[in-house]
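Here the structure comes first, spelled out in structure tokens, and everything after it is commentary.
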Amino acid sequence: MRKIFLLPVLILGLLLASCSGEQKILTGHTFALDTLIELKIYAYPNMGRDSLIQDSFDRIKSLENLLSKHVAGSDIDNLNKNAGMQPVNVSDVTYRVLHDSLYFSRLTSGLFDVTAGPLIDLWAIDPPDGHYPSKEELGAVLPLIDYQKIAFLGDDQIALQDKDMAISLGAIAKGTIADEMKAYLLSRGVTSALINLGGNVLAVGLKPDGSSFVIGIQDPDSPRGVYLLSLQIEDESVVSSGDYERYFEYEGNIYHHILNPKTGFPAQTNIKQVTIVTANSQTADGLSTSVLLLGVQKGIQLIESLEGVEAIFITKDHYIYFTSGLHGRFDAQEDLIQNYTITDRPTDLKN
């Protein structure tokens, strides 16, 4: 399970209409979290505006230095190195995201599990390369995966109970960082912005003219940058997961990066792509992976049980299901949508 510090599982294009007004749109791009970061700020105070983009990117980098297992000396790196030995003092942000991750683990009966680091490392999926594990290799790492063995000791102290356990925040931390960025921008007086962390999109407010932002949703059967849908959002996050962005081929079979910690293999569900729309980007991030692991029927049941959360399910057999709160909020590319069947009945969808 991952969506951060590696190539993004889905590219969400920003289909932005030009906006009128006296202020110039502040725009910046950088490479962080192992992906392209884009920030567009539409309404902001004049004081401090010259440093606003760079200060925001510096904040992203500082968060990456806490939450990435690939950064030497990060909180996650320190936790993994001390697994089974001693507790580690971590930042408030790290403590909170790890504690929040338990919510998704419980929702999915452990399918979402941030202690899946050893399994992720074993498969080593780095397109076009990867490692097909042996039965013995899987047998060695699967017992290490257990979110219930993360000990929260208070005062920002955490311990991993067993040696060789390893945390990977790839399925949640990009959403966490997006939320932190939104809070930072609000603290600087920004009232309208779009944050795009390599596909995890979060809107701050509305456009300056009071209209919605419009976000493009990738067609999973087309090359990157070809959008099947355009979705209106207001002060919300859009996060997608799919099985087609990061994978490798072994002996004629395709193996994608979203791994089931129960079986040790990539998730085998009928979901080709799921898009989550909700106010909190960390929630959207965690749910997008959770739902893909659960499958269509259980995934729809979960989303429809949650207040303020909407979703788009695209299946491998070309059905699309929209939760009720998205009706009237999207447009489709006519030449592409004809390849799909839109259904209002989840019973039409295979798991």
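The values are calculated or read from the model by the stated rules, or taken from the named source; none is laboratory data. Small disclaimer: the values here were computed from a predicted structure and weren't measured. We place every Cβ from the backbone using ideal geometry, glycine too, and count neighbours over all the protein chains shown.
Listed by first and then second residue, the pairs with beta-carbon distance under 8 Å, at least 6 apart or on different chains, first residue in the stretch 326-351 and of a type in the set (A, V, I, L, M), second part of a helix (DSSP H, G or I) and surrounded by 13 or more Cβ atoms within 10 Å (Cβ to Cβ), are Leu349/Val296; Leu349/Gln297; Leu349/Ile300. When each of Gly28, Gly48 is tested for being at pLDDT 95 or above, over 19 Å from the mean Cα position of the chain (by Cα), surrounded by fewer than 18 Cβ atoms within 10 Å (Cβ to Cβ) and over 30 Å from Lys272 (Cα atoms), the lone residue that passes is Gly28. Determine which member of the set Lys135, Lys182 is under 28 Å from Lys61 (Cβ atoms) and out of contact with any Phe, Trp or Tyr (no Cβ under 8 Å at 6 or more places or on another chain). Going through Lys135, Lys182 in turn, the sole match is Lys182. In this entry, Ile303 passes the filter for residues that are buried (at least 21 other Cβ atoms within 10 Å of the Cβ), hydrophobic (A, V, I, L, M, F, W, C), touching a residue at least 24 places away in the same chain (Cβ under 8 Å) and in a helix (DSSP H, G or I).
Among the residues of the stretch 198-215, the ones that are of a type in the set (A, V, I, L, M, F, W, C) and in a loop (DSSP other than H, G, I, E, B) come to 1 in all.
Within the stretch 175-189, is there a residue that is among the hydroxyl-bearing types (Ser, Thr, Tyr), surrounded by fewer than 22 Cβ atoms within 10 Å (Cβ to Cβ), in contact with a Ser or Thr (Cβ under 7 Å, 6 or more places away or on another chain) and at pLDDT 95 or above? Yes; the residues of the stretch 175-189 include at least one that is among the hydroxyl-bearing types (Ser, Thr, Tyr), surrounded by fewer than 22 Cβ atoms within 10 Å (Cβ to Cβ), in contact with a Ser or Thr (Cβ under 7 Å, 6 or more places away or on another chain) and at pLDDT 95 or above. Taking the stretch 227-284 and the strands (runs of 3 or more DSSP E) fully enclosed by it, the elements with 1 or more residues that are touching a residue at least 12 places away in the same chain (Cβ under 8 Å) and among the small types (Gly, Ala, Ser) are at 227-233, 237-242.
Does Asn260 satisfy the condition of being in contact with a strand residue (DSSP E or B) (Cβ under 9 Å, 6 or more places away or on another chain), buried (at least 24 other Cβ atoms within 10 Å of the Cβ) and outside the structural domain of Pro133 (by TED's automatic domain parsing)? In short, no. Of all residues in the stretch 115-149, those being assigned to a loop (DSSP other than H, G, I, E, B), out of contact with any strand residue (DSSP E or B) (no Cβ under 8 Å at 6 or more places or on another chain) and among the aliphatic types (A, V, I, L, M) number 2.
A Cβ distance below 8 Å, combined with a sequence gap of six or more or placement on separate chains, defines the contacts here; from the stretch 147-176, residues that are in contact (Cβ under 8 Å) with a residue 60 or more places away in the chain and at positive phi reach residues that are of a type in the set (A, V, I, L, M) and in a loop (DSSP other than H, G, I, E, B) in the pairs Asp156/Val90; Asp164/Ala83.
For the stretch 326-351, a residue qualifies if it is over 25 Å from the mean Cα position of the chain (by Cα) and of a type in the set (Val, Ile, Thr), and the qualifying residues are Thr341, Thr343, Thr347. Within the stretch 307-325, the residues that satisfy the criterion of being surrounded by fewer than 17 Cβ atoms within 10 Å (Cβ to Cβ) and either more than 21 Å from the chain's Cα centre (by Cα) or in contact (Cβ under 8 Å) with a residue 12 or more places away in the chain (or both) are Gly308, Lys316, Asp317, His318, Ser324, Gly325. Checked against (1) surrounded by fewer than 18 Cβ atoms within 10 Å (Cβ to Cβ); (2) charged (D, E, K, R); (3) within 20 Å of the chain's Cα centre (by Cα), Asp113 passes all but a single condition, namely (1).
Remark: Gly286 falls outside the filter, which requires a residue to be in the same structural domain as Ile215 (by TED's automatic domain parsing), modelled with pLDDT of 95 or more and at positive phi. Basic (Lys, Arg), within 14 Å of the chain's Cα centre (by Cα) and either within 25 Å of Asp34 (Cα to Cα) or in the same structural domain as Asp34 (by TED's automatic domain parsing) (or both) - does that describe any residue in the stretch 173-187? Yes, there is a match, as at least one residue in the stretch 173-187 is basic (Lys, Arg), within 14 Å of the chain's Cα centre (by Cα) and either within 25 Å of Asp34 (Cα to Cα) or in the same structural domain as Asp34 (by TED's automatic domain parsing) (or both). Selection of the stretch 51-61 for residues being surrounded by fewer than 19 Cβ atoms within 10 Å (Cβ to Cβ) and either assigned to a strand (DSSP E or B) or of a type outside the set (Val, Ile, Thr) (or both) yields Ser51, Gln54, Asp55, Phe57, Asp58, Arg59, Lys61. Across the stretch 62-93, the qualifying residues are those that are touching a Leu at 6+ places or on another chain (Cβ under 9 Å) and free of Cβ contacts under 8 Å to residues at least 40 places away in the same chain, and the one among them that is surrounded by the most Cβ atoms within 10 Å (Cβ to Cβ) is Asp75.
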